[in-house]
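So the structure is just underneath, and the comments pick up after that.
The numbers here are math on the coordinates, done by the rules we state, and not lab data. Just so you know, these numbers come straight off a predicted model, no measurement behind them. Because the Cβ atoms are built from the backbone with ideal geometry, glycine has one as well, and the counts that use them run over all protein chains shown.
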Amino acid sequence: MAKKQFKSESKRLLDLMVNSIYTHKEIFLRELISNASDAIDKLCYISLTDDKVGLTRDDFKITIEADKEKRTLTIIDNGVGMTLKELEANLGVIAKSGSLQFKKDMQDKPEDIDIIGQFGVGFYSAFMVASRVTVTSRAYGEDIAYRWISEGSEGYSIEEYPRSKEGCGTDIVIELKPDSDDENYSEYLEEHTLHNLVKKYSDYVRWPIYMDVTKSRQVETDEVDTDGNKKKTWEDYTEIEVINSRIPIWQRPKSEVTDEDCAEFYKEKFFDHTDPTAVVRISAEGLVSYKALLFIPAVASYDYFTREYKVGLQLYSAGIMIMDHCADLLPEHFRFVRGIVESPDFSLNISREMLQHDRQLKVIATNIEKKIKAELKKLLDENLEKYETFYKVFGIQLKYGITNGFGANKDMLSDLLMFYSSKAQKLITLTEYVKNMPEEQKYIYYAAGESVALLDKLPQAEQVRDKGYEILYLTEEIDEFVIRTLRNFEEKEFRSINDEDLGIDSEEDKKELEQQETDNKELLDFVKDSLDGKIAAAKLSPKLKSHPCCLAAQGEISLEMEKYFKSMQGRMADGMPEDMMKAQRVLELNAEHTSFKALKEAFSSDKDKAAKYAKVLYGQALLTAGVPLEDPNEFSELLSALLFG
Ligand code: ADP
């Protein structure tokens, strides 16, 4: 029989398993049982609509057999089985689920064998204890069974094989490695070890796990005692029994399940290697009865930000998994949540269309959304550090939640948002911002730009900062859209520091500025004209203190939005009309600055020089706003001409 090679990354993983010094080798049993349970889930699901399966719920089972003489441990299931192709695809390649992450982590810390324990590395873990693994499987609907054999990283072989049992399913025979000085593999043949392992890791598995259990009973002997009664003695015998309690973790009373239990369950079930940030448990009785066990992850899965990510909760009804990813139970803005919902009210052949019309489901979905919100708020209030870690990963999702619904979800989400504060120099909530506002402060100020460092130096923020007001720095593309969708928070309006009216100047100040602008109208118009339509207007600015000028935008589109639209334009097939996404630039000048006096002087004596000044000031404004110069060469020549003649 020809030997086939494993794919290279599988071989690497296998090598790791075979030579593992990992101390929790025992997890191999959990992995194999969980695969068996999944296979039964699948067949059970098929049996709901397909009579040909010929099994009822009570027929499904997993069996563990230990043979001390042959040193084999066998795990048998009557689940869906694997076809020849599936044996190749599933066991010839590294498990898809955790694999990418696994590979990544391996590159980061190749020496760290402990990571084995943190992944659902699945089937391959058998090689930590096995010198040879034989998988015999018959897939549902197939007449022929196949046998897959491997002694580890050298490769594997597959051949047709008569499976002695009726029906479909899989037997996995593990030939244990010989005992060594450090490792006692024989213990996996001991009844009490196996019993304990099942209790420890697989007690919640829904399907019965059968095993031979040794018992004692009293039997009569032929000997007779002084009273003439037959003497009794104890005799051992074995009986096959179900050894797991079969109550899934989400069905157990809260008092019985620790947070660690939940975290372990989460990692195993959802292929994460990091404990979840929070666990939400719901047990609802009444109009609709359901139980839910939900998890807010601490890290994004490798595919979270890709199309591959499957959003949704797993649905169970009466112990049977009926849907793997039910997206309708989870609002889009909480799509990072993973978990399980079980209700006796779910119908077994539930379909997507039905979900949308099902009232009970809507009630459950609303309730789940509220609970997740409450949990996040609690985290924010009680464990800021943890919340910040969460927010750094999934905050963007909450922001999309605000913009996507045109603000429909703002009440749900706005108090979960955080932005960088100019004063606190860290993320703060909007609630905090409003609380910190001095009484006379009218608006919530924000500035949008590329980085905190840039925004911290923005000239137009001088006036606001001088007043002692806090500014929110928006550094993500979506931020400004979020603010615009919100419009206000706790009745305080948002105001960009680029806005003409920052609500700081008194009526007198405004009048004075107006007067100054009228006085300098000719000059300001000249500046505008010198810039060949690059700006919509030149104005005098009340915002500037020490800086000569700054760039602002008129109308609906800000400079940041213009940048965003530009990047969108590249991504969109038919694009948007150019002028729809262009910011109307305004050059604001500081009338108190020496530059303005120089400009004014040149305007009356040397128009050509004045035009050069205007261009330089515009260039300066672009640079401080983080907008690239249109023609850096021209700017440089201008500077040379003015400075060095
Ligand atoms: P994972 O369970 O993480 O997907 P595994 O390496 O444990 O990865 O298993 C790979 C695949 O092999 C499973 O997804 C499943 O399709 C298949 N498989 C493993 N064990 C069984 C089994 N007992 N019955 C049917 N299919 C199985």
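A few comments on the model shown:
- Shape category assigned to region 494-645 from the gyration tensor of Cα positions, a/c cut at 1.5: oblate
- Under 12 Å of direct C-alpha separation, and excluding same-chain neighbours fewer than eight residues apart, Lys609 reaches these aspartates and glutamates: Glu601.
- Gap separating the Cα centres of region 20-93 and region 307-344, nearest whole Å: 24
- Rounded to the nearest 5, the antiparallel percentage of DSSP beta bridges internal to the chain is 80%.
- Distance from region 209-237 to region 471-486 (C-alpha centre basis), Å: 79
- Under 5 Å between amide hydrogens, built in the peptide plane, is the criterion, and for Gly79 it picks out Thr170 among residues at least 5 positions away or on other chains.
- With at most 10 other Cβ atoms within 10 Å, longest stretch of the chain clear of loop GluC sites (Glu not before Pro) (DSSP): 309-438
- Applying 0.36 nm per residue to the separation of Asp532 and Glu142 and subtracting their alpha-carbon distance, the gain on full extension is 132.6 nm.
- Cα-Cα over 28 Å, subset of Lys42/Lys215; Lys370/Lys492; Lys392/Lys492; Lys521/Lys582: Lys42/Lys215
- Anisotropy class of the chain from Cα gyration tensor, a/c 1.5 cut: prolate
- Angle between the chain longest axis and helix 607-625 axis [Cα atoms, degrees, rounded to 10]: 20
- ³J(HN,Hα), Karplus 6.51/-1.76/1.60, whole Hz, each residue of region 311-328, x for Gly, Pro: 7, x, 9, 8, 9, 10, 9, 6, x, 10, 6, 10, 7, 7, 9, 8, 6, 5
- Once the C-beta distance of Ser283 and Asn19 is scaled by a Förster radius of 45 Å, the resulting FRET efficiency is 0.50 to the nearest 0.05.
- In the chain, the longest principal axis of the Cα atoms and the axis of helix 8-18 are about 50 degrees apart.
- Taking every alpha-carbon pair under 8 Å whose residues sit at least 6 apart, the chain reaches a relative contact order of 8 percent.
- Between helix 507-519 and the chain there is an angle of about 60 degrees, using the helix long axis and the longest principal axis of the Cα atoms.
- Summing +1 for each Lys or Arg and -1 for each Asp or Glu among the other residues whose beta-carbon sits under 9 angstrom from that of Lys563 gives -3.
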